[in-house]
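S.K.: Handing you this structure, nothing more for now.
The values are calculated or read from the model by the stated rules, or taken from the named source; none is laboratory data. Keep in mind that this is a model prediction, so the values were computed, not measured. In this analysis, Cβ positions are derived from the backbone assuming ideal geometry, glycine residues included, and neighbour counts consider all displayed protein chains. Quick note on the areas: whole protein, heavy atoms, side chains included, nothing else; ligands and nucleic acids left out. Shrake-Rupley method; radii C 1.70, N 1.55, O 1.52, S 1.80 Å.
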Amino acid sequence: MAVEGFLSDSEEQAVVEAITAAELKTSGEIRLHVENRCKGDAIERVKKVFSELGMYNTKDRNAVLIYIALLDHKLVVWGDEGIHTQVGQHFWDSEVAAILNAFKNKRFKEGLVDLILHIGEKLSSLFPHQKDDIDELDNSISKNDN
Ligand code: CA
Ligand code: CA
């Protein structure tokens, strides 16, 4: 399955709403990037996308990117150093396992929404929402039809 046809408009809307809801409780930021191909190393690619989306530019270095290359079946959840140093690799591994399980059952929107809300809960415990928080990164889904 390619980017085109992955999520319906209403499913995309549900994902964006989940990001918006998650960010109401934290200063952290969550983004989803979906593309077709990732031929090389997925970690190298996710770092590049993270940078291209300006995701290192948060005050507390607490942005999280959900990266999916649909046709090459790669999925990475990448947190900036502010969150990564606090949650460790185990957190990401268990979250990835959960979403892959949902994807296996073709529950794409549900898997993404659950993942986003879980990350949001974790972010809110480590980086509670502050009065002066701003939306540092757009909540829209980033797509690349490569
Ligand atoms: Ca924010
Ligand atoms: Ca945001």
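S.K.: If I ask for residues that are closer than 20 Å to K143 by Cβ and either near ligand 2 (Cβ under 10 Å from one of its atoms) or in a helix (DSSP H, G or I) (or both), which ones from region 29-43 would you list?
M.R.: Those that are closer than 20 Å to K143 by Cβ and either near ligand 2 (Cβ under 10 Å from one of its atoms) or in a helix (DSSP H, G or I) (or both): E29, I30, R31, A42.
S.K.: Name the pairs whose Cβ atoms lie under 8 Å apart, with the first residue in region 35-47 and within 12 Å of N144 (Cβ to Cβ) and of a type outside the set (D, E), the second assigned to a helix (DSSP H, G or I) and at pLDDT 95 or above, and 6 or more positions between them or separate chains?
M.R.: C38/R45
S.K.: Among the numbered conditions (1) within 17 Å of the chain's Cα centre (by Cα); (2) within 16 Å of ligand 1 (Cβ to nearest atom), tell me where V113 comes up short.
M.R.: (2)
S.K.: Name the residues in region 122-146 that are in a helix (DSSP H, G or I) and either away from ligand 2 (no atom under 16 Å from the Cβ) or open to solvent by 60 Å² or more (accessible area, probe 1.4 Å) (or both), would you?
M.R.: Within region 122-146, K122, S125, L126 qualify.
S.K.: Which members of region 33-86 meet the condition of being closer than 27 Å to P128 by Cα, open to solvent by less than 30 Å² (accessible area, probe 1.4 Å) and touching a Lys or Arg at 6+ places or on another chain (Cβ under 6 Å)?
M.R.: Matches in region 33-86: L65, D80, G82.
S.K.: Of K59, K25, K48, which residue is charged (D, E, K, R), closer than 23 Å to L137 by Cα and in contact with a strand residue (DSSP E or B) (Cβ under 8 Å, 6 or more places away or on another chain)?
M.R.: K25
S.K.: Scan region 110-121 and tell me whether some residue there is of a type in the set (D, E, K, R) and assigned to a loop (DSSP other than H, G, I, E, B).
M.R.: No.
S.K.: Starting from region 124-146, take each residue that is touching a residue at least 12 places away in the same chain (Cβ under 8 Å) and within 13 Å of ligand 1 (Cβ to nearest atom) and list its partners that are of a type in the set (V, I, T) and not in a loop (DSSP other than H, G, I, E, B), counting only C-beta distances under 6 angstrom and pairs at least six apart or across chains.
M.R.: Listed by first residue and then by second, the contacts come to S124/T26; F127/T26; H129/T26; N139/V16; N139/I19; N139/T20.
S.K.: Take the residues in region 13-28 that are assigned to a helix (DSSP H, G or I) and within 10 Å of ligand 2 (Cβ to nearest atom); name whichever of them is most open to solvent (accessible area, probe 1.4 Å).
M.R.: The extreme case among them is T20.
S.K.: Please go through region 93-146 and pick out each residue that is of a type in the set (G, A, S) and under 23 Å from R45 (Cα atoms).
M.R.: S94, A97, A98, G111, S140, S142
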